Amino acid sequence: MLKSLQGKTIILGITGGIAAYKGAALTSKLTQKGAEVHVIMTASAKQFITELTLQSLSKQRVYSDTFQERDPSSISHIDLADAADLVLIAPATANIIAKMAHGLADDMLSTTLLAATAPVMVAPAMNVHMYQHPAVLANINTLHSRGVQFIEPGEGLLACGYVGKGRLEEPETIVSVVENYFAAQANAAAGALAGKKVIITAGGTIERIDPVRYISNDSSGKMGFALSRAARAMGAEVTLIAARTDEAPPQDPGIRVVRVESAQDMYEAVMSRWKDCDILVKAAAVADYRPRESAESKIKKSGDTLTLELVKTTDILESLGKIKDKQFLIGFAAETGNAEFYAKDKLVRKNLDLIVANDVSTEGAGFGTDTNIVSIYDAGGLVLDLPLVSKDEVARKLLLLASERIAGAAL
Ligand code: CTP
């Protein structure tokens, strides 16, 4: 059974109050529900609970120092911020609330918070008088007006001896707020492509040399399958045009599967369905060249060398880019270096609305894996950077972006 927070990346910010110890239960519960939890602790939180506890419970590295960069190829607070589906601060002290309200960035957590574009939830915990202080209330109001969601503290006996409001909400309750948030988000996304016709191409084309031999590529079809499932989950009418793939396509009555072999077959399959399509995503790896001749019977071994003459295939995406009117066109650029440069060039050359670039030579990205690392560009430049996330998540984010853009264009 799918866990309620499966596939979700949550940054859990733990700040320095006595309730920091509850961060352990929170980390454990969120992780058990399937979330990938990246804990960031403030220096004062470390006075109350150890990094090791949270690392053991989350099975992830715990962050606290902005300058402790272990991987020279990335900047942690930016990567973490980009990967997050949600930032949760629990417990949140008066200090972090003030820093957030005023945009201070003097440690790992506050810096990540400024870089994050994901929704933010804050569960305060402090002394009742601190919680009622006009400065704190003003900061909370400021954050409210920016869309930060507060998980109100409970009333009861506080660690300082007072009875009143200020006790961190119980971890179970905080986890249900988080679950409800993602459930509501999924419901909203469920209708995002309702009534839209979406064509997805997947897999690698096969260019025949003879009846038993062919030229193909490493594409597994996984990204295209993930896109088909995501489009379906958002209510679209999906046609999946699949060339050679490693696995069978998704079995879903709402996904019409058309199997093709060559680039030419794919061209014809796409063209005949293109007219009334709303979104087309070309995740397939299409051969750029095919043998000029495809022998009718198996080629027998003869001389020491054999020369195959290859001729260019039709560029399907470029052809569509030339004739598109209402259709929203998304291409992929699988590169082995200079991904940004090539992707932007393809976006312009093929007249695309969005292009998804990935460097397939990076571990965790590209062919055959269940994860990907992509950057999405439009004509204006970078739109979304997705560090290592599942292909399902890339698919969901890409299609949500497309649905927002289509809705925006229709206004
Ligand atoms: N594409 C296509 N038809 C082709 C070749 C590519 O529709 N004959 C599409 C792919 O499905 C992908 C995008 O174009 O969405 C980019 O594919 P890619 O092979 O990276 O681009 P090319 O233009 O072929 O450039 P190159 O191979 O030189 O990198």
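Among bridges DSSP assigns within the chain, what percent are antiparallel (round to 5)?
The antiparallel fraction comes to roughly 35 percent.
Put K275, K346, K282 in order of accessible area, largest first, 1.4 Å probe: what do you get? If you can, show how the numbers build up before the last one.
On the way: K275 160, K346 45, K282 10 Å².
Ranked from most to least accessible, the order is K275, K346, K282.
Report in % the part of the accessible area of segment 193-410 that belongs to carbon and sulfur, leaving out ligands and nucleic acids; probe 1.4 Å.
The C+S portion of the solvent-accessible surface of segment 193-410 is 48 percent.
Rounded to the nearest whole Å², what accessible area per residue is found for segment 9-189 with the 1.4 Å probe?
On the way: 8070 Å² over 181 residues.
For segment 9-189, the solvent-accessible area averages 45 Å² per residue.
Loop only by DSSP, 11 or fewer other Cβ within 10 Å of the Cβ. Give me the GluC sites (Glu not before Pro) in segment 271-342 that pass, ordered by residue number. Walk me through the intermediate numbers first.
On the way: sites: E293, E296, E309, E318, E335, E340; in loops: E293, E296, E309.
Answer by residue number: E296, E309.
Checking a compactness column here: for the chain, what do you get for Rg(Cα) / (2.2 N^0.38 Å), N being the number of residues?
Numbers: Rg = 25.4 Å, N = 411, 2.2 N^0.38 = 21.7 Å.
Against the empirical 2.2 N^0.38 Å value, I get 1.17 for the chain.
Sort 133-141, 398-406 by packing, meaning the average of other beta carbons within 10 Å per residue, with the highest value first.
398-406, 133-141
Among DSSP beta bridges whose residues both lie in segment 42-171, state the antiparallel percentage, nearest 5. Numbers along the way, then the final one.
Details: 4 of 10 bridges.
Percentage antiparallel, nearest 5: 40.
In the structure shown, do any of K99/K391; K196/K344; K33/K165; K222/K312 have a Cα-Cα gap over 31 Å, and if so which? All intermediate terms of the calculation are to be shown ahead of the outcome.
Details: K99/K391 35 Å; K196/K344 27 Å; K33/K165 29 Å; K222/K312 26 Å.
Pairs exceeding the cut-off: K99/K391.
So which chymotrypsin sites (Phe, Trp or Tyr not before Pro) in segment 113-201 end up in coil per DSSP with only 15 or fewer other C-beta atoms within 10 Å?
Details: sites: Y131, F150, Y162, Y181, F182; in loops: Y162.
For chymotrypsin sites (Phe, Trp or Tyr not before Pro) across segment 113-201 that sit outside H, G, I, E and B with at most 15 neighbouring Cβ atoms in 10 Å, the list reads Y162.
Keeping all protein chains in the complex and leaving out DNA, RNA and ligands, what accessible area do you get for S4 with a 1.4 Å probe, in Å² to the nearest 10?
Here the accessible area works out near 60 Å².
List the residue ranges in the chain for DSSP H helices whose C-alpha atoms run 18 angstrom or more along the long axis and whose Kyte-Doolittle average is -1.0 or above.
Numbers: long enough: 171-190 (28 Å, 0.44); 391-410 (28 Å, 0.22).
The answer, listed by residue number, is 171-190, 391-410.
Where does each of 39-49, 70-80 land if you order them by average Cβ count within 10 Å, highest first?
Numbers: 39-49: 20.6, 70-80: 14.2.
Highest-to-lowest ranking by the protection proxy: 39-49, 70-80.
Could you please report the charge total around I11, scoring K, R as +1 and D, E as -1 over all other residues with beta-carbon less than 12 angstrom from its beta-carbon? Before the final figure, lay out each step's value.
Working: positive: K8; negative: E36, D79, D82, D85.
That sum, taken over residues with Cβ under 12 Å, equals -3.
Give me the 1.4 Å probe accessible area per residue for segment 193-410, excluding ligands and nucleic acids, in Å². Don't skip to the end; give the middle numbers.
Working: 10610 Å² over 218 residues.
With the other protein chains kept in place, segment 193-410 gives 49 Å² per residue.
If I ignore ligands, DNA and RNA and count only protein heavy atoms, how much of D106 is accessible to a 1.4 Å probe, in Å² to the nearest 10?
For D106, the solvent-accessible surface is approximately 100 Å².
Check which residues have an amide H placed less than 5 Å from L384's amide H, if you skip close sequence neighbours.
Those lying under 5 Å, H to H, from L384 are I376.
Leaving ligands, DNA and RNA out of it, rank S319, S145, S56 by accessible area with a 1.4 Å probe, largest first.
Numbers: S319 25, S145 95, S56 65 Å².
Ranked list, largest accessible area first: S145, S56, S319.
If each DSSP helix of 4+ residues adds -39,500 (n - 2.57) and the sum is divided by the residues in the chain, what number results at 222 nm, nearest 500 deg cm²/dmol?
Values: 13 runs with 143 residues, N = 411.
Counting only the DSSP helices, I get -10500 deg cm²/dmol.
Roughly to the nearest percent, how much of the accessible area of segment 9-189 is carbon and sulfur, given a 1.4 Å probe? The partial results should precede the final answer.
Values: 4450 of 8070 Å².
The C+S portion of the solvent-accessible surface of segment 9-189 is 55 percent.
Share of antiparallel DSSP beta bridges in segment 119-241, in percent to the nearest 5?
Working: 7 of 14 bridges.
Bridges in segment 119-241 are about 50 percent antiparallel.
The values are calculated or read from the model by the stated rules, or taken from the named source; none is laboratory data. Remember, predicted model here, so these are calculated numbers, not experimental data. When we count neighbours, we look across all protein chains shown, and the Cβ atoms used for this are built from the backbone with ideal geometry, even at glycine. Areas reflect the complete protein model, heavy atoms only, side chains present, ligands, DNA and RNA absent. Shrake-Rupley method; radii C 1.70, N 1.55, O 1.52, S 1.80 Å.
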